[in-house]
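Undergrad: Please see the structure below; I have some questions.
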Amino acid sequence: MPRRRNGLLTLLIIALIVASAYILLNPQLEAAVEVPITTIQQQYRAKEIKSIKVEGSSLTVELKTGAKEKSTRPAGETLKDLGLSEADSDVVIQAVDNTGSDFWLNVLAGIIPFVLIAVFLVYMMRQAQSHNQGAMSFGQSRATVVDKEKNKTTFADVAGANEAKAELVEVVDFLKNPKKYTSMGAKIPKGVMLVGAPGTGKTLLARAVAGEANVPFFSISGSEFVEMFVGVGASRVRDLFKKAKRNSPSIVFVDEIDAVGRQRGTGVGGGHDEREQTLNQILTEMDGFETGTNVIVIAATNRPDVLDPALLRPGRFDRRVVIDVPDVKERNEILAVHSRNKPFAKDADLEKVAKQTPGFTGADLENLLNEAAILAASKSQKTITHEDLEKSIEKVALGPEKKSRVLNEEEKIVTAYHEVGHAIVAHMLPHTDPVHKVSIVSRGMALGVTWYLPKEDRHLASESRFHDELASLLGGHVAEELAFGEVTTGSSNDLERASKIARAMVTKYGMSHKIGPVIYGSNHGSVFLGKDLMHERDYSDAMANEIDKEVKVIVETAYTTAKSILTKNKEKLKKVANELLKVETFTAEEFEKAFGEKKAVAKIKPKF
Ligand code: ADP
Ligand code: MG
Ligand code: ZN
């Protein structure tokens, strides 16, 4: 946009230069000698005149010599009265309209500079505005009202999430039949906080509430509040609520409220006061609803832990609706919703896909189906096959394959041993998930991958599971060490994850007998908040020392386990790795066949 404006400006400047040049060089405006009218009359009689130009009362005379003269005709007298008629036929008499081009040229010459200055000013202002959107409209909320008829979302579009929906059905009823509740003396809740991981459908649900209740839906995102001028956020909130009240019953939806609703006094860096003021304004508005104001505020966040407690007080966002990552049944339903307009081949088994995607959110599943459709289309298929679906699961879960990053022979061999090392240790330990796939095709950041898949969704992790998982994480590192006598940098990610798990076991889950069931350093990993940066460690240096020691013991135990398993299965490690080098990818069955042994399985049982 600025580029085109620059072009316009250049054009204007050129036009100005041309115009002034024209004015300056115009022969008609050449200085002519001012003479009395009697001189003209004399020259006329002496036949010295070539032409006379008449413009109102002024005469411009060109002599036969080429010289020019100017004179003024006395008021009320025609040329004839002055004896300057065309009787003498070789004098050209030319009458020019008073409002002719010269007049306009003069006017234009006077105006152009002002026009130019005005254009320039407007241009500057536009520029400044486009640089900081909203400079001209800062007080106004940019809340969007969702068109009720077009793209209307209903609960039917939200698959699974049944508990959340049940809670929200009530909210819809409040909006539709407020009397029913107020006549009972019940207070209609003012705020609902939707809590859930990114992509679990919070925004979708909020829209569905508005669609079901058939009321205006004012939506704004928390991140929009945090803008350039202090006080803008607060005045936007005021404006937003004013609009919502005017259109009540209505819904105000504040998406990503954690952007403004973080605990006060913990942030790092700027933008702090702004946030506080915005937050205060939201609270003030919510407190200020008169009874009977039928506006419900729905907020969404994926960081309930960082919210200011003031937001969650009764009378504010006192209703909390938690949206979980979908379980296998819900994944099935979500896949069904998003596969409605896609043609599938007979072999496509969405139930199998649902089983293979624990931890996927609604957004991930939608993305998965979309990837599968793109893949099928790029191969000019008429329908989406199961193979396309499988490929897309991998793509969404692990990142796209990097066919272009070709490993050299040596890297391939090391990667094969490394991955098979992971797989064998996991296969031999009873508390790990079964190996789903082993591959030395690089993806994302990883050179190879060993992918485990639980038989069913899991909500609890036991101590033995952690120990076994740690051992299989170290399996890659150990395999390299055994096979090549040294290790490569390929294990650094594994080691990092292992250390994290071990530390969490000690400080978070009370799984270290030495340290005991005490949690150390609450609120881990919330650097986002700024809390961890100003770290208040709630334990002593001596305890930190103990924790470090315990973490080390846990990791070393896992290392020993991995080493003993792989040492015992050295020959098999070599054989399976060599086979993997040939085929590059093993499925679960292929791996089991190559290894020649069934997976060890154990379940936790009550001891008495
Ligand atoms: P959030 O706001 O929780 O981050 P969104 O509501 O933006 O997530 O969800 C992103 C997309 O994922 C939605 O537009 C929708 O297509 C899909 N999605 C998420 N959850 C579901 C669900 N339960 N049913 C159907 N689609 C879903
Ligand atoms: Mg969202
Ligand atoms: Zn590894």
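Undergrad: I'm checking my understanding of the structure. Among residues of the stretch 441-482 that are among the β-branched types (Val, Ile, Thr) and closer than 22 Å to Lys563 by Cα, which one is surrounded by the fewest Cβ atoms within 10 Å (Cβ to Cβ)?
TA: Restricting attention to the stretch 441-482, the residues satisfying the condition of being among the β-branched types (Val, Ile, Thr) are 441, 449-450, 478.
Next, from what is left, pick out any that are closer than 22 Å to Lys563 by Cα: 449-450, 478.
Working: Val449: 22, Thr450: 26, Val478: 28.
The qualifying residue surrounded by the fewest Cβ atoms within 10 Å (Cβ to Cβ) is Val449.
Undergrad: Just one of Ile515, Ile501, Ile519 is in a helix (DSSP H, G or I), more than 16 Å from ligand 2 (Cβ to nearest atom) and among the β-branched types (Val, Ile, Thr); which is it?
TA: Going through Ile515, Ile501, Ile519 in turn, the sole match is Ile501.
Undergrad: Given the conditions (1) surrounded by 14 or more Cβ atoms within 10 Å (Cβ to Cβ); (2) at pLDDT 85 or above, report the number of the one that Gln140 does not fulfil.
TA: (2)
Undergrad: Hey, can you tell me all the residues within the stretch 552-601 that are farther than 13 Å from Val435 by Cα and of a type in the set (S, T, N, Q)?
TA: Thr557, Thr560, Thr561, Ser564, Thr567, Asn569, Asn578
Undergrad: Scan the stretch 17-25 and tell me whether some residue there is at pLDDT 70 or above and assigned to a loop (DSSP other than H, G, I, E, B).
TA: no
Undergrad: Which one of the conditions (1) closer than 17 Å to Asn294 by Cα; (2) more than 10 Å from ligand 1 (Cβ to nearest atom) does Ala206 fail to meet, given that it meets all the rest?
TA: (2)
Undergrad: Next question, about the same structure. Which of the residues spanning the stretch 336-352 are of a type outside the set (A, V, I, L, M, F, W, C) and either in contact with a helix residue (DSSP H, G or I) (Cβ under 8 Å, 6 or more places away or on another chain) or within 16 Å of ligand 2 (Cβ to nearest atom) (or both)?
TA: As a first pass, look at the stretch 336-352 and keep what is of a type outside the set (A, V, I, L, M, F, W, C): 338-343, 346-347, 349, 351-352.
His338, Ser339, Lys342, Asp347, Asp349, Glu351, Lys352, listed by residue number.
Undergrad: Turning to a different aspect of this structure: Please identify the pairs in which a residue from the stretch 547-569 that is touching a residue at least 40 places away in the same chain (Cβ under 8 Å) has its Cβ atom under 7 Å from the Cβ atom of a residue that is assigned to a helix (DSSP H, G or I) and polar (S, T, N, Q), counting only partners at least 6 apart or on another chain.
TA: Ile547/Thr507; Val551/Ser499; Val555/Ser499
Undergrad: Would you be able to tell me the number of residues in the stretch 418-433 that are under 23 Å from Lys570 (Cβ atoms) and more than 12 Å from ligand 3 (Cβ to nearest atom)?
TA: 6
Undergrad: Which of (1) in a loop (DSSP other than H, G, I, E, B); (2) of a type outside the set (Asp, Glu); (3) modelled with pLDDT of 70 or more does Asn98 not meet, given it meets every other one?
TA: Asn98 satisfies all of (1) in a loop (DSSP other than H, G, I, E, B); (2) of a type outside the set (Asp, Glu); (3) modelled with pLDDT of 70 or more except (3).
Undergrad: What pairs come up if the first residue lies in the stretch 448-470 and is assigned to a loop (DSSP other than H, G, I, E, B), the second is buried (at least 16 other Cβ atoms within 10 Å of the Cβ) and of a type in the set (Asp, Glu), and their beta carbons are under 7 Å apart, counting only those six or more places apart or on different chains?
TA: Pairs found: Gly448/Glu419; Leu453/Asp433; Pro454/Asp433.
Undergrad: Within the stretch 425-440, can one find any residue that is within 16 Å of ligand 1 (Cβ to nearest atom) and either part of a helix (DSSP H, G or I) or in contact with a His (Cβ under 9 Å, 6 or more places away or on another chain) (or both)? Let's see the steps before the verdict.
TA: First pass over the stretch 425-440, keeping only residues within 16 Å of ligand 1 (Cβ to nearest atom): none.
Looking through the stretch 425-440, none of the residues is within 16 Å of ligand 1 (Cβ to nearest atom) and either part of a helix (DSSP H, G or I) or in contact with a His (Cβ under 9 Å, 6 or more places away or on another chain) (or both).
Undergrad: So, in the stretch 477-503, how many residues would count as being touching a residue at least 60 places away in the same chain (Cβ under 8 Å), more than 14 Å from His422 (Cα to Cα) and more than 14 Å from ligand 3 (Cβ to nearest atom)?
TA: 1
Undergrad: Please go through the stretch 260-290 and pick out each residue that is at pLDDT 70 or above and among the hydroxyl-bearing types (Ser, Thr, Tyr).
TA: Answer for the stretch 260-290, where residues must be at pLDDT 70 or above and among the hydroxyl-bearing types (Ser, Thr, Tyr): Thr278, Thr284.
Undergrad: Okay, next question. Among (1) in the same structural domain as Ala588 (by TED's automatic domain parsing); (2) under 29 Å from Ala197 (Cβ atoms), there is one condition His386 misses while meeting the rest; what is its number?
TA: (1)
Per-residue answers, yes or no, for (1) part of a strand (DSSP E or B); (2) outside the structural domain of Arg238 (by TED's automatic domain parsing):
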position: Ile298; (1), (2): yes, no
position: Asp305; (1), (2): no, no
position: Arg316; (1), (2): no, no
position: Val337; (1), (2): no, yes
position: Asn341; (1), (2): no, yes
position: Lys346; (1), (2): no, yes
position: Pro358; (1), (2): no, yes
position: Ala363; (1), (2): no, yes
position: Asn367; (1), (2): no, yes
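Undergrad: Just checking, does the stretch 481-492 include any residue being more than 16 Å from ligand 2 (Cβ to nearest atom), of a type outside the set (Asp, Glu), at pLDDT below 90 and closer than 16 Å to Glu590 by Cα?
TA: no
Undergrad: Consider Ala372 carefully, then state whether it is in contact (Cβ under 8 Å) with a residue 40 or more places away in the chain and not assigned by TED's automatic domain parsing to the domain that holds Lys455.
TA: For Ala372, the condition - in contact (Cβ under 8 Å) with a residue 40 or more places away in the chain and not assigned by TED's automatic domain parsing to the domain that holds Lys455 - is not met.
Undergrad: Please pick out the residue among Met193, Met184 that is out of contact with any Phe, Trp or Tyr (no Cβ under 9 Å at 6 or more places or on another chain) and not in a helix (DSSP H, G or I).
TA: None of the other options fit; the residue is Met184.
Undergrad: Right, another one. Suppose we filter the stretch 452-476 for residues that are within 23 Å of Val576 (Cβ to Cβ) and either within 11 Å of ligand 3 (Cβ to nearest atom) or touching an Asp or Glu at 6+ places or on another chain (Cβ under 7 Å) (or both); how many remain?
TA: Filtering the stretch 452-476 down to residues within 23 Å of Val576 (Cβ to Cβ) leaves 452-455, 468-476.
Right, trim to either within 11 Å of ligand 3 (Cβ to nearest atom) or touching an Asp or Glu at 6+ places or on another chain (Cβ under 7 Å) (or both) and you get 452-454, 472-476.
The total comes to 8.
The values are calculated or read from the model by the stated rules, or taken from the named source; none is laboratory data. Just so it is clear, the structure is predicted and the values come from calculations on it, not from any experiment. Here the Cβ is made from the backbone with ideal geometry for all residues, glycine too, and neighbour counts use every protein chain on show.
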